[in-house]
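Each remark here refers to the structure printed beneath this line.
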Amino acid sequence: MKYAIDMHLTDTPREKPTDESKLGFGRIFTDHMFLMDYSRKDGWTNGRIVPFGPLPIHPASTVFHYGAEIFEGMKAYRLKDGSVQLFRPLENVRRMNNSARRMCLPVLDEEGALEIIKTVVRVDQDWVPHQVGTSLYIRPFMFGNDPHLGVHAVENAVFCVIMSPVGAYYAEGINPVKIAIETEDVRAVRGGTGEAKCGGNYAASLRAGEKAEKEGFTQVLWLDGVERKYIEEVGSMNVMFKIAGKIVTPKLTGSVLPGITRKSCIQLLRDWGYEVEERLVSAEELFNAAKDGTLEEAWGTGTAAVVSPIGELYMDGREFTVCGNKIGPVTQKLYDELTGIQWGLKEDKYNWTCKL
Ligand code: COI
(Lines give C-alpha, C1' and ligand atoms only; values in the text may rest on other atoms or scores of the structure.)
Protein backbone atom coordinates (compact mmCIF):
# COMPACT_ATOMS: atom_id res chain seq x y z
CA MET A 1 0.00 0.00 0.00
CA LYS A 2 1.35 3.42 -0.95
CA TYR A 3 0.96 6.44 1.31
CA ALA A 4 0.26 9.76 -0.43
CA ILE A 5 3.12 12.23 0.01
CA ASP A 6 2.72 16.00 -0.44
CA MET A 7 5.89 17.84 -1.33
CA HIS A 8 6.71 21.19 0.27
CA LEU A 9 10.32 21.68 -0.68
CA THR A 10 12.55 24.42 0.67
CA ASP A 11 13.45 27.52 -1.38
CA THR A 12 16.59 27.97 0.68
CA PRO A 13 18.64 24.77 0.66
CA ARG A 14 21.55 24.84 3.10
CA GLU A 15 25.25 24.41 2.30
CA LYS A 16 26.40 20.81 2.44
CA PRO A 17 29.43 20.00 4.56
CA THR A 18 32.58 20.52 2.52
CA ASP A 19 34.97 18.53 4.71
CA GLU A 20 33.46 15.03 4.85
CA SER A 21 36.24 13.83 7.13
CA LYS A 22 34.71 15.88 9.96
CA LEU A 23 31.07 14.78 9.77
CA GLY A 24 30.99 12.94 13.10
CA PHE A 25 27.64 11.37 13.94
CA GLY A 26 24.16 12.90 13.85
CA ARG A 27 25.00 16.58 14.23
CA ILE A 28 24.19 17.85 10.74
CA PHE A 29 20.77 17.38 9.13
CA THR A 30 19.59 17.48 5.54
CA ASP A 31 17.21 20.03 4.04
CA HIS A 32 14.01 18.00 4.43
CA MET A 33 12.15 15.58 6.62
CA PHE A 34 9.10 13.38 6.27
CA LEU A 35 6.06 13.64 8.55
CA MET A 36 2.80 11.69 8.69
CA ASP A 37 -0.02 11.78 11.23
CA TYR A 38 -1.96 8.89 12.69
CA SER A 39 -5.30 8.83 14.42
CA ARG A 40 -7.25 5.75 15.41
CA LYS A 41 -10.21 7.10 13.51
CA ASP A 42 -8.51 7.97 10.20
CA GLY A 43 -5.37 5.82 10.19
CA TRP A 44 -2.23 7.33 8.60
CA THR A 45 -2.90 10.62 6.80
CA ASN A 46 -1.19 13.82 5.73
CA GLY A 47 2.11 12.29 4.57
CA ARG A 48 4.40 15.18 3.63
CA ILE A 49 7.97 16.10 2.93
CA VAL A 50 8.73 19.50 4.44
CA PRO A 51 11.79 21.62 5.19
CA PHE A 52 13.76 20.24 8.14
CA GLY A 53 12.87 22.14 11.31
CA PRO A 54 11.25 22.12 14.76
CA LEU A 55 7.98 20.29 15.39
CA PRO A 56 5.12 21.97 17.25
CA ILE A 57 4.00 19.41 19.84
CA HIS A 58 1.30 19.73 22.49
CA PRO A 59 2.86 19.98 25.98
CA ALA A 60 0.63 17.13 27.22
CA SER A 61 1.72 14.86 24.36
CA THR A 62 2.15 11.20 25.33
CA VAL A 63 5.75 11.19 24.20
CA PHE A 64 6.78 13.76 26.81
CA HIS A 65 5.08 12.10 29.75
CA TYR A 66 5.04 8.38 29.13
CA GLY A 67 7.89 7.89 26.66
CA ALA A 68 5.79 6.50 23.79
CA GLU A 69 8.59 6.58 21.21
CA ILE A 70 10.35 4.15 18.90
CA PHE A 71 13.00 4.61 16.25
CA GLU A 72 15.17 2.94 13.66
CA GLY A 73 18.65 3.52 12.31
CA MET A 74 19.57 2.79 8.71
CA LYS A 75 21.95 4.15 6.11
CA ALA A 76 22.12 5.21 2.45
CA TYR A 77 25.45 4.67 0.72
CA ARG A 78 27.00 6.53 -2.22
CA LEU A 79 28.39 4.18 -4.85
CA LYS A 80 31.36 4.86 -7.13
CA ASP A 81 29.05 5.52 -10.09
CA GLY A 82 27.27 8.21 -8.05
CA SER A 83 24.11 6.19 -7.41
CA VAL A 84 22.75 5.58 -3.92
CA GLN A 85 21.65 2.37 -2.22
CA LEU A 86 20.14 1.22 1.06
CA PHE A 87 21.06 -1.86 3.08
CA ARG A 88 18.27 -4.31 4.04
CA PRO A 89 15.74 -1.50 4.56
CA LEU A 90 12.74 -3.81 4.87
CA GLU A 91 14.38 -5.40 7.91
CA ASN A 92 14.32 -1.98 9.59
CA VAL A 93 10.69 -1.43 8.66
CA ARG A 94 9.75 -4.84 10.07
CA ARG A 95 11.68 -4.22 13.28
CA MET A 96 10.03 -0.83 13.64
CA ASN A 97 6.64 -2.50 13.39
CA ASN A 98 7.68 -5.01 16.07
CA SER A 99 8.76 -2.13 18.29
CA ALA A 100 5.42 -0.41 17.56
CA ARG A 101 3.49 -3.52 18.64
CA ARG A 102 5.43 -3.70 21.91
CA MET A 103 4.83 -0.01 22.65
CA CYS A 104 1.19 0.09 21.52
CA LEU A 105 1.99 2.48 18.68
CA PRO A 106 0.45 2.06 15.21
CA VAL A 107 2.18 -0.12 12.62
CA LEU A 108 3.01 0.97 9.07
CA ASP A 109 2.41 -0.88 5.86
CA GLU A 110 5.82 -2.41 5.07
CA GLU A 111 6.02 -1.55 1.39
CA GLY A 112 4.47 1.87 2.00
CA ALA A 113 7.02 2.69 4.70
CA LEU A 114 9.88 1.57 2.46
CA GLU A 115 8.57 3.81 -0.33
CA ILE A 116 8.42 6.77 2.10
CA ILE A 117 12.03 6.21 3.11
CA LYS A 118 13.19 5.90 -0.50
CA THR A 119 11.26 9.04 -1.49
CA VAL A 120 12.63 11.25 1.27
CA VAL A 121 16.20 10.01 0.63
CA ARG A 122 15.72 10.69 -3.08
CA VAL A 123 14.67 14.28 -2.32
CA ASP A 124 17.86 14.86 -0.30
CA GLN A 125 20.16 12.49 -2.17
CA ASP A 126 22.72 15.21 -2.80
CA TRP A 127 23.35 15.03 0.95
CA VAL A 128 24.63 11.44 0.74
CA PRO A 129 28.36 12.00 1.28
CA HIS A 130 31.04 10.66 -1.05
CA GLN A 131 34.10 9.99 1.05
CA VAL A 132 35.04 6.40 1.98
CA GLY A 133 33.55 5.51 5.36
CA THR A 134 30.74 8.07 5.20
CA SER A 135 27.01 7.57 4.59
CA LEU A 136 23.64 9.19 5.08
CA TYR A 137 22.20 8.02 8.40
CA ILE A 138 18.42 7.73 8.23
CA ARG A 139 16.47 8.01 11.45
CA PRO A 140 12.79 7.02 11.12
CA PHE A 141 10.93 7.49 14.40
CA MET A 142 7.41 7.49 15.74
CA PHE A 143 5.87 8.97 18.84
CA GLY A 144 2.55 8.98 20.62
CA ASN A 145 0.89 12.37 20.39
CA ASP A 146 -2.33 12.32 22.41
CA PRO A 147 -2.91 15.79 23.86
CA HIS A 148 -4.00 14.61 27.32
CA LEU A 149 -2.52 12.90 30.34
CA GLY A 150 -4.37 9.57 30.61
CA VAL A 151 -2.09 6.52 30.57
CA HIS A 152 -3.25 4.25 27.75
CA ALA A 153 -2.31 3.00 24.28
CA VAL A 154 -2.07 6.04 22.03
CA GLU A 155 -4.82 7.18 19.71
CA ASN A 156 -2.69 9.72 17.87
CA ALA A 157 0.88 9.39 16.66
CA VAL A 158 3.39 10.98 14.31
CA PHE A 159 5.83 9.16 12.03
CA CYS A 160 8.89 11.16 11.05
CA VAL A 161 12.07 10.54 9.06
CA ILE A 162 15.12 12.75 9.45
CA MET A 163 18.53 12.26 7.84
CA SER A 164 22.10 13.13 8.70
CA PRO A 165 25.33 12.73 6.72
CA VAL A 166 27.71 10.81 9.02
CA GLY A 167 31.21 9.48 9.41
CA ALA A 168 32.27 7.00 12.10
CA TYR A 169 30.04 6.67 15.18
CA TYR A 170 32.93 6.34 17.59
CA ALA A 171 35.71 8.91 17.76
CA GLU A 172 38.05 5.89 17.58
CA GLY A 173 36.80 5.15 14.03
CA ILE A 174 37.78 1.56 13.21
CA ASN A 175 40.32 1.52 16.08
CA PRO A 176 39.45 -0.67 19.07
CA VAL A 177 37.08 0.74 21.69
CA LYS A 178 37.34 0.37 25.45
CA ILE A 179 34.23 -1.10 27.06
CA ALA A 180 33.24 -1.40 30.74
CA ILE A 181 30.89 -4.18 31.84
CA GLU A 182 28.20 -2.48 33.95
CA THR A 183 27.42 -4.20 37.24
CA GLU A 184 24.98 -1.76 38.88
CA ASP A 185 22.44 -0.43 36.38
CA VAL A 186 20.65 -2.74 33.96
CA ARG A 187 19.37 -1.76 30.54
CA ALA A 188 16.45 -4.15 30.17
CA VAL A 189 14.79 -7.26 31.54
CA ARG A 190 13.01 -10.06 29.75
CA GLY A 191 9.39 -9.11 29.34
CA GLY A 192 10.41 -5.45 29.33
CA THR A 193 11.18 -3.39 26.26
CA GLY A 194 14.78 -4.51 25.62
CA GLU A 195 14.15 -5.96 22.19
CA ALA A 196 12.13 -2.95 21.05
CA LYS A 197 14.06 -0.01 19.69
CA CYS A 198 12.47 2.56 21.97
CA GLY A 199 13.91 5.76 23.35
CA GLY A 200 13.32 4.66 26.94
CA ASN A 201 15.93 1.90 26.67
CA TYR A 202 18.51 4.49 25.73
CA ALA A 203 17.39 6.95 28.43
CA ALA A 204 17.85 4.18 31.02
CA SER A 205 21.39 3.59 29.79
CA LEU A 206 22.64 7.15 30.14
CA ARG A 207 23.71 7.12 33.79
CA ALA A 208 26.01 4.13 33.35
CA GLY A 209 27.25 5.55 30.05
CA GLU A 210 28.18 8.83 31.71
CA LYS A 211 30.00 7.05 34.53
CA ALA A 212 31.90 4.85 32.06
CA GLU A 213 32.88 7.82 29.93
CA LYS A 214 34.23 9.70 32.95
CA GLU A 215 36.34 6.66 33.72
CA GLY A 216 37.78 6.63 30.21
CA PHE A 217 35.60 3.99 28.54
CA THR A 218 33.81 4.38 25.23
CA GLN A 219 30.59 2.65 26.31
CA VAL A 220 29.16 0.04 28.67
CA LEU A 221 28.40 -3.61 28.04
CA TRP A 222 25.17 -4.60 29.75
CA LEU A 223 24.61 -7.69 31.83
CA ASP A 224 21.22 -9.41 31.92
CA GLY A 225 18.82 -7.80 34.36
CA VAL A 226 17.85 -10.99 36.22
CA GLU A 227 21.03 -12.87 37.12
CA ARG A 228 23.37 -10.02 36.25
CA LYS A 229 25.72 -12.59 34.92
CA TYR A 230 25.25 -12.84 31.17
CA ILE A 231 26.48 -10.37 28.59
CA GLU A 232 23.70 -8.73 26.56
CA GLU A 233 24.66 -5.81 24.30
CA VAL A 234 26.42 -2.48 24.33
CA GLY A 235 23.33 -0.37 23.56
CA SER A 236 24.68 1.12 20.35
CA MET A 237 25.76 -2.33 19.14
CA ASN A 238 25.44 -6.08 19.61
CA VAL A 239 28.62 -7.94 20.58
CA MET A 240 30.47 -10.99 19.26
CA PHE A 241 33.51 -12.86 20.53
CA LYS A 242 35.91 -15.31 18.96
CA ILE A 243 36.72 -17.90 21.60
CA ALA A 244 38.95 -20.86 20.70
CA GLY A 245 38.12 -20.54 17.01
CA LYS A 246 34.33 -20.35 17.46
CA ILE A 247 32.20 -17.25 17.23
CA VAL A 248 30.01 -16.70 20.25
CA THR A 249 27.29 -14.06 20.55
CA PRO A 250 24.54 -13.46 23.13
CA LYS A 251 21.30 -15.08 22.01
CA LEU A 252 18.19 -12.98 21.56
CA THR A 253 16.52 -13.59 24.89
CA GLY A 254 13.93 -10.82 24.60
CA SER A 255 16.03 -8.16 26.28
CA VAL A 256 18.57 -7.82 23.47
CA LEU A 257 18.01 -5.77 20.32
CA PRO A 258 17.77 -8.03 17.24
CA GLY A 259 20.43 -6.20 15.24
CA ILE A 260 20.30 -6.26 11.45
CA THR A 261 24.09 -5.92 11.28
CA ARG A 262 24.29 -8.74 13.85
CA LYS A 263 22.10 -10.96 11.68
CA SER A 264 24.12 -10.10 8.55
CA CYS A 265 27.44 -10.83 10.29
CA ILE A 266 26.17 -14.19 11.54
CA GLN A 267 25.20 -15.15 8.00
CA LEU A 268 28.57 -14.05 6.58
CA LEU A 269 30.49 -15.90 9.31
CA ARG A 270 28.52 -19.12 8.81
CA ASP A 271 29.03 -18.91 5.07
CA TRP A 272 32.76 -18.57 5.68
CA GLY A 273 32.63 -21.82 7.64
CA TYR A 274 32.75 -20.49 11.20
CA GLU A 275 30.69 -22.15 13.85
CA VAL A 276 28.52 -19.39 15.35
CA GLU A 277 26.92 -20.05 18.71
CA GLU A 278 24.02 -17.83 19.75
CA ARG A 279 23.78 -18.58 23.44
CA LEU A 280 24.13 -17.19 26.94
CA VAL A 281 27.65 -15.84 27.46
CA SER A 282 28.68 -14.98 31.01
CA ALA A 283 31.15 -12.25 31.87
CA GLU A 284 33.05 -14.91 33.82
CA GLU A 285 33.42 -17.00 30.67
CA LEU A 286 34.98 -13.99 28.94
CA PHE A 287 37.41 -13.33 31.78
CA ASN A 288 38.39 -17.01 31.90
CA ALA A 289 38.89 -17.10 28.13
CA ALA A 290 40.99 -13.93 28.35
CA LYS A 291 43.06 -15.51 31.12
CA ASP A 292 43.72 -18.78 29.33
CA GLY A 293 44.39 -17.04 26.02
CA THR A 294 41.38 -18.41 24.10
CA LEU A 295 39.60 -15.05 23.76
CA GLU A 296 40.93 -14.21 20.33
CA GLU A 297 38.77 -11.31 19.21
CA ALA A 298 35.82 -9.17 20.35
CA TRP A 299 33.76 -6.72 18.32
CA GLY A 300 30.46 -4.92 18.18
CA THR A 301 28.00 -4.74 15.30
CA GLY A 302 25.44 -2.04 14.56
CA THR A 303 24.17 0.26 11.84
CA ALA A 304 25.90 3.28 13.33
CA ALA A 305 28.91 1.40 14.71
CA VAL A 306 29.20 -0.91 11.63
CA VAL A 307 31.77 -3.50 12.87
CA SER A 308 33.78 -2.07 15.71
CA PRO A 309 36.68 -3.89 17.39
CA ILE A 310 36.69 -4.07 21.19
CA GLY A 311 40.25 -3.72 22.46
CA GLU A 312 39.75 -3.59 26.21
CA LEU A 313 37.13 -4.96 28.58
CA TYR A 314 36.79 -3.94 32.21
CA MET A 315 34.66 -5.21 35.09
CA ASP A 316 34.90 -4.59 38.84
CA GLY A 317 38.60 -3.73 38.87
CA ARG A 318 39.54 -6.46 36.40
CA GLU A 319 40.69 -5.37 33.00
CA PHE A 320 41.88 -7.28 29.99
CA THR A 321 43.10 -6.52 26.53
CA VAL A 322 41.72 -8.35 23.52
CA CYS A 323 43.88 -9.18 20.49
CA GLY A 324 46.69 -6.90 21.68
CA ASN A 325 44.24 -3.95 21.48
CA LYS A 326 44.34 -4.24 17.70
CA ILE A 327 41.67 -5.10 15.16
CA GLY A 328 41.66 -8.89 14.68
CA PRO A 329 41.57 -10.68 11.31
CA VAL A 330 37.93 -11.85 11.56
CA THR A 331 36.76 -8.40 12.69
CA GLN A 332 38.63 -6.81 9.79
CA LYS A 333 37.27 -9.35 7.28
CA LEU A 334 33.71 -8.74 8.48
CA TYR A 335 34.16 -4.98 8.29
CA ASP A 336 35.61 -5.21 4.77
CA GLU A 337 32.94 -7.58 3.50
CA LEU A 338 29.99 -5.76 5.00
CA THR A 339 31.11 -2.27 4.03
CA GLY A 340 32.17 -3.66 0.62
CA ILE A 341 28.60 -4.82 0.03
CA GLN A 342 27.13 -1.61 1.42
CA TRP A 343 29.29 0.63 -0.78
CA GLY A 344 28.80 -1.59 -3.82
CA LEU A 345 32.47 -2.61 -3.94
CA LYS A 346 31.79 -6.31 -3.39
CA GLU A 347 29.31 -8.67 -4.91
CA ASP A 348 25.97 -8.66 -3.06
CA LYS A 349 25.10 -12.31 -3.40
CA TYR A 350 22.49 -12.06 -0.65
CA ASN A 351 20.47 -9.32 -2.33
CA TRP A 352 20.82 -7.17 0.75
CA THR A 353 21.17 -3.88 -1.05
CA CYS A 354 18.33 -1.89 -2.52
CA LYS A 355 18.75 0.86 -5.10
CA LEU A 356 16.93 4.11 -4.44
C1 COI B 1 22.02 2.43 15.17
O2 COI B 1 23.02 1.71 15.06
O3 COI B 1 21.40 2.83 14.20
C4 COI B 1 21.54 2.85 16.48
O5 COI B 1 20.39 3.06 16.60
C6 COI B 1 22.49 3.00 17.57
C7 COI B 1 22.54 4.30 18.25
C8 COI B 1 23.12 5.44 17.53
C9 COI B 1 21.42 4.60 19.15
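The values are calculated or read from the model by the stated rules, or taken from the named source; none is laboratory data. What you see is a predicted model, and the numbers here were worked out from it, not measured in a lab. Here the Cβ positions follow ideal geometry from the backbone for every residue, glycine too, while neighbour counts run over all protein chains shown. For the accessible areas, the whole protein counts, side chains as well, though only heavy atoms, and no ligand, DNA or RNA atoms are used. Shrake-Rupley method; radii C 1.70, N 1.55, O 1.52, S 1.80 Å.
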Taking Cα atoms, the helix 110-123 axis meets the longest principal axis of the chain at an angle in degrees (rounded to 10) of 80 degrees
SASA check, Thr261, accessible area w/ 1.4 Å probe, all protein chains in place, rounded to nearest 10 Å², comes out at 10 Å²
Heavy-atom accessible area of the stretch 177-342 with neighbours in place, 1.4 angstrom probe: carbon+sulfur share in percent works out to 48 percent
Once phi for every residue in the stretch 189-204 is put through the Karplus expression 6.51 cos²θ - 1.76 cosθ + 1.60 (θ = phi - 60°), the whole-Hz ³J(HN,Hα) values, with Gly and Pro written as x, are 10, 4, x, x, 10, x, 8, 8, 9, 10, x, x, 4, 7, 4, 5
Given backbone amide H placed at 1.01 Å from N, residues whose amide H is under 5 Å from that of Ile243, ignoring those fewer than 5 places away on the same chain, are Val248, Glu296
Any aspartates and glutamates whose Cα falls less than 14 Å from that of Lys211, other than same-chain ones fewer than 8 residues away, would be Glu182, Glu184, Asp185, Asp316
Computed Rg/Rh for the stretch 109-170 (Cα atoms; Rh = Kirkwood radius) stands at 1.13
Descending packing, highest mean Cβ count within 10 Å first, for 1-7, 253-259 is 253-259, 1-7
The helix 89-102 Cα axis meets the longest alpha-carbon principal axis of the chain at an angle in degrees, between 0 and 90 and rounded to 10, of 90 degrees
Here Rg/Rh (Cα, Kirkwood) for the chain equals 0.97
Sequence order, the stretch 287-294: Karplus ³J(HN,Hα) from phi using 6.51 cos²θ - 1.76 cosθ + 1.60, θ = phi - 60°, Hz rounded, Gly and Pro as x, gives 5, 5, 5, 5, 5, 8, x, 8
Rounded to the nearest 10, the angle in degrees between the Cα long axis of helix 260-271 and the longest principal axis of the Cα atoms of the chain comes to 50 degrees
Those trypsin sites (Lys or Arg not before Pro) from the stretch 163-241 that are DSSP loop and have at most 11 other Cβ neighbours within 10 Å turn out to be none
Across Gly173, Gly225, Gly216, the residue with the highest GNM fluctuation in the chain (Cα network, 10 Å cutoff) is Gly216
Highest mean packing first, using Cβ neighbours within 10 angstrom, the peptides 232-238, 338-344, 286-292 sort as 232-238, 338-344, 286-292
Amide H contacts under 5 Å for Ala68, restricted to residues at least 5 apart in sequence or on another chain and with H modeled in the peptide plane, are Val63, Gly144
Classified through the alpha carbon gyration tensor (a ≥ b ≥ c as square roots of its eigenvalues; rounded if a/c is under 1.5, else prolate when a/b is larger than b/c, else oblate), the stretch 205-328 comes out rounded
